[in-house]
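**Student:** Encoded as structure tokens, here's the structure I'll be asking about.
The values are calculated or read from the model by the stated rules, or taken from the named source; none is laboratory data. Nothing here was measured: the structure is a model prediction, and the numbers come from that model. Methodologically, a virtual Cβ is constructed for each residue, glycine included, from the backbone with ideal geometry; neighbour enumeration extends over all protein chains shown. Surface accessibility is based on the protein's heavy atoms, side chains included, excluding ligands, DNA and RNA. Shrake-Rupley method; radii C 1.70, N 1.55, O 1.52, S 1.80 Å.
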Amino acid sequence: MRKLSAGTALGLGCIAFALGVAFVWIPLDTGSWLVERSRGRYVVGDSLAPMLAAAFVLIAGVMLLFERRADSNRPSRDNLIFIGTMTGFGIVSLLLMRWVGPVAAAILAGGEEYRLLRDTVPWKYTGFVVGGGSLIFAMIAFVEERPSWRALWIALGAVAAIIILYDLPFDDVLLPPNGDV
Amino acid sequence: MTDLGVRDYILLGIQAVFAGPEAFSLLGLPISITVLMVTFGLILGIVVGATPGLGSVIGMAISLPILISVFGFNADALLPVLGFLIGVMKGSTVGGAVPAILFNTPGTPDAFMTTLDGYPMAQAGKARKALKISHFSSVSADTFSDIVLIVCAPFLAILVEAYLDLPEKTALLILSLSFIAAVVGGSAAKGLLSCGLGLLAVYIGTGEDFYPRLSMGTTALSDGIPITAAVIGILVIGAIFAELEELWHQSRRTGRIDVAKDVGDQRLHWSDIRQILPYISRSALIGTVIGALPGIGSTLAATIGYATGKRLHARRKAPGDPGFGEGAPEGIAATEAANSSVSGANLIPVLSLGIPGNTAAVFLILAADSIGGFNPGPAVFKFSTELNPELVIAFGLFTTMIIANTLNWTVGGALMRSLGVLVRIPKQHLLPVVLLLTLASLYVQETAMSAVWFGFGFGILGYFMKRFEISPLPFVIGFVLGGRLEATARQAFSATGGDPFFLLKSPIAAIFILGAVAVVYFSFRKPKAATP
């Protein structure tokens, strides 16, 4: 069987996505049709604008099928490994950022609620230092293909610098995740 | 009240900049906060431009939440914040040439052509001279482009307000989106796809019904996607992933990541300036014309400026002089003048039509949106008898551009030449730090973890768009303009009594719509190669 070119595969994907948006997502998840009658007058409904967006994607998909291009890039296996790893690092680090503070407070603060401690030292920094530091450390170690003390110091130094930049000068600024816990 | 004329507004704009809140006084002379912020912005712009892997977009993305925290949400914040962003924009166009010339590494994508002659000059021991040529060309072309902006934007805006009604404005937005989608990047289809995705994303969780559309019943989507998360995710985080991956591949191939080395210097003489002036003037004109069209960007301007300069040089050069690509100063002048003159002219569509033509303009809109009190677009240029504060801000903005240019002429060159050391910072260390800084700045601005998740998610989308060679710019501009397109279309539809053909009834609107179809059709027929 002949392999699909990248352009054709992308085009077919766009057409399927646009049709799904136009015939499933928009009708099921929007409160009004393309045009509605309100107080005797016709007005534009909430479906029209997303339908226009879906039309853009659909036309793009059809054009991709017919576009005369010699070659079109597609993500390789290496690309997928890289972005998959980065996504993993991101998810773990952001979860750490969000939950390390509340968990640490639950264990070490004698049952005091994290929400009440979120603007006090050291609690307000725990999530950001652990989550942010691990994000930087993991990314440097992955790109250099080895963990190093240098990467760790850079991560901790950078986190400290961001705290100095955002948290120390401004009373009304809260570092993640303290603004909405 | 007496009538306020153009001259009054110009004076009020200048006054708003120089006589605004005072930061400190220098030899008894009060220095306003706006002037100080333009200076800081310019310095930051030169630094981020000179640092490979960074650029004006990252500089603006990180500084915007800090600026808003410092200045708050009031009318007094507008000029200092917008002035800072203008400074970053102008500084980065100058700074981008530093690593391109010294180390064959373009600091910004449009500085790529600068490497072709800049690096050979540096290797021949003329690095300092090459930097001076680049600085002179860049700043003179930028100044020319600003003059065109200051003269043209108000006239264009007045014409738009006088002749375009709601259906025409809707059609103009559709034409602009189609034009950007068709001309940016290597493929009209991919541009259209990028724009469609941007539009779809901005319509999530918005609308006029009680139920927030396309929110799938979730609270995260029901408030809509924060504009900063989408823009910064697609533009900044996506680019960081792509850049990090290059380093990862480099490390896997060679076991090490290359760091460039330093070389020589020389002076710039009046004879050199005379020699490069014809190239600067041609490229400045090319860059300004290209910059005035939304979405085309400085990379194409640099390419056309370089190609035009190359033809001129082939006719004029003396035997024995280096040709383009072999270390010709004229090559640097042609490229830098073209890409720098785009930056001023790029603000013509945003100030006169409210349509952002490039990423810097997107950030100006974001800042104006966040602070409030200034909506870039044709309505700004209403010379009414009642004081129009938005018009004062517009002329204040022009004043900040002139200040930024003056600073660029006077101290920018020396600062730029002292920054060669920045290229030694290993990118694999710098980029993850910038990523965390970007995520933190997103959180500071939105105060919601969902914004950080959205930013990260859009970063992944931005990465895939890069891998499929889809330009992210149409996405961003679709996202920024989507809300206005819908609002204008709703009003136009109601105003025409629910006429389904309202976009084709007036000749001007019909011409815009036909133009939109034509530009996509002709771009589709003629595939291009370069992706900015």
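**Student:** Return a yes/no flag: does region B:205-216 have any residue that is in a helix (DSSP H, G or I) and touching a helix residue (DSSP H, G or I) at 6+ places or on another chain (Cβ under 6 Å).
**Tutor:** The answer is no; no qualifying residue exists.
**Student:** Same structure, new question: May I ask you to list pairs of residues, at least six apart or on different chains, whose Cβ atoms are under 8 Å apart, with the first in region A:18-31 being more than 11 Å from residue A:50 (Cβ to Cβ) and the second being basic (Lys, Arg) and assigned to a loop (DSSP other than H, G, I, E, B)?
**Tutor:** Every condition considered, the pairs that remain are A:31/B:213.
**Student:** Sort out which residues of region A:4-36 are of a type outside the set (Asp, Glu) and touching a strand residue (DSSP E or B) at 6+ places or on another chain (Cβ under 8 Å), and write them in order of number.
**Tutor:** Across region A:4-36, the qualifying residues are A:34, A:35.
**Student:** From the list B:68, B:43, pick out the single residue that is closer than 29 Å to residue B:338 by Cβ and surrounded by fewer than 24 Cβ atoms within 10 Å (Cβ to Cβ).
**Tutor:** Just one listed residue meets the conditions, B:43.
**Student:** Go through region B:403-422 residue by residue and tally those that are surrounded by 19 or more Cβ atoms within 10 Å (Cβ to Cβ), under 18 Å from residue B:34 (Cβ atoms) and among the aliphatic types (A, V, I, L, M).
**Tutor:** 3
**Student:** Kindly list, by first and then second residue, each pair from a residue in region B:497-524 that is more than 10 Å from every other protein chain (Cβ to nearest Cβ) to a residue that is assigned to a loop (DSSP other than H, G, I, E, B) and of a type in the set (Ser, Thr, Tyr), limited to pairs with Cβ atoms under 6 Å and residues at least 6 apart or on different chains.
**Tutor:** Once the first residue is more than 10 Å from every other protein chain (Cβ to nearest Cβ) and sits in region B:497-524, its partners that are assigned to a loop (DSSP other than H, G, I, E, B) and of a type in the set (Ser, Thr, Tyr) give B:502/B:496.
**Student:** Another question about this same structure. Scan region B:263-318 for residues that are modelled with pLDDT under 75, part of a loop (DSSP other than H, G, I, E, B) and not charged (D, E, K, R) and report the count.
**Tutor:** Looking only at that region, the number is 9.
**Student:** Looking only at region B:376-431, count every residue that is hydroxyl-bearing (Ser, Thr, Tyr) and either touching a strand residue (DSSP E or B) at 6+ places or on another chain (Cβ under 7 Å) or not in a loop (DSSP other than H, G, I, E, B) (or both) and tell me the total.
**Tutor:** Residues that pass the stated criteria total 4.
**Student:** Could you figure out which of (1) in contact with an Asp or Glu (Cβ under 7 Å, 6 or more places away or on another chain); (2) within 14 Å of another protein chain (Cβ to nearest Cβ) isn't true of residue B:219?
**Tutor:** The number of the failed condition is (1).
**Student:** Right, here's the next one. Outside any helix (DSSP H, G or I), facing chain A (nearest Cβ under 9 Å) and within 24 Å of residue A:55 (Cβ to Cβ) - does that describe any residue in region B:223-235?
**Tutor:** no
**Student:** Looking at B:458, B:464, which one is in a helix (DSSP H, G or I) and more than 9 Å from chain A (Cβ to nearest Cβ)?
**Tutor:** Being in a helix (DSSP H, G or I) and more than 9 Å from chain A (Cβ to nearest Cβ) holds for just one of B:458, B:464, which is B:458.
**Student:** Same structure again: Let me confirm something: among B:43, B:33, which residue is among the β-branched types (Val, Ile, Thr), more than 23 Å from the chain's Cα centre (by Cα) and modelled with pLDDT of 85 or more?
**Tutor:** Exactly one residue qualifies, and that residue is B:33.
**Student:** Collect the residues in region A:10-66 that are surrounded by fewer than 15 Cβ atoms within 10 Å (Cβ to Cβ), modelled with pLDDT of 90 or more and among the aromatic types (Phe, Trp, Tyr), keeping them in residue-number order.
**Tutor:** Within region A:10-66, A:23 is the sole residue that qualifies.
**Student:** Further question on the same structure: If a residue has to be in contact with an Asp or Glu (Cβ under 8 Å, 6 or more places away or on another chain), among the aliphatic types (A, V, I, L, M) and open to solvent by 20 Å² or more (accessible area, probe 1.4 Å) to count, how many in region B:362-399 make the cut?
**Tutor:** The qualifying residues number 1.
**Student:** Turning to a different aspect of this structure: Consider residue B:219 carefully, then state whether it is surrounded by fewer than 15 Cβ atoms within 10 Å (Cβ to Cβ) and at pLDDT below 90.
**Tutor:** Yes, satisfied.
**Student:** Looking only at region A:113-148, how many residues end up being farther than 17 Å from residue A:174 by Cβ and under 25 Å from the mean Cα position of the chain (by Cα)?
**Tutor:** The qualifying residues number 13.
**Student:** If we only count helices (runs of 4 or more DSSP H) wholly inside region A:99-181, which ones have 3 or more residues that are crowded, with 20+ Cβ neighbours inside 10 Å, facing another protein chain (nearest Cβ under 9 Å) and β-branched (Val, Ile, Thr)?
**Tutor:** Where helices (runs of 4 or more DSSP H) fall fully within region A:99-181 and carry at least 3 residues being crowded, with 20+ Cβ neighbours inside 10 Å, facing another protein chain (nearest Cβ under 9 Å) and β-branched (Val, Ile, Thr), they are A:123-144, A:149-162.
**Student:** For region A:36-93, give me each residue that is more than 8 Å from chain B (Cβ to nearest Cβ) and assigned to a strand (DSSP E or B).
**Tutor:** Residues satisfying the conditions are A:36, A:37, A:38.
**Student:** Considering only residues that are in contact (Cβ under 8 Å) with a residue 60 or more places away in the chain and in a loop (DSSP other than H, G, I, E, B), look in region B:319-344 and name the one that is most open to solvent (accessible area, probe 1.4 Å).
**Tutor:** B:326
**Student:** While we're here: With the checklist (1) part of a helix (DSSP H, G or I); (2) among the small types (Gly, Ala, Ser); (3) at pLDDT below 85 in hand, flag the one item residue B:134 doesn't pass.
**Tutor:** (3)
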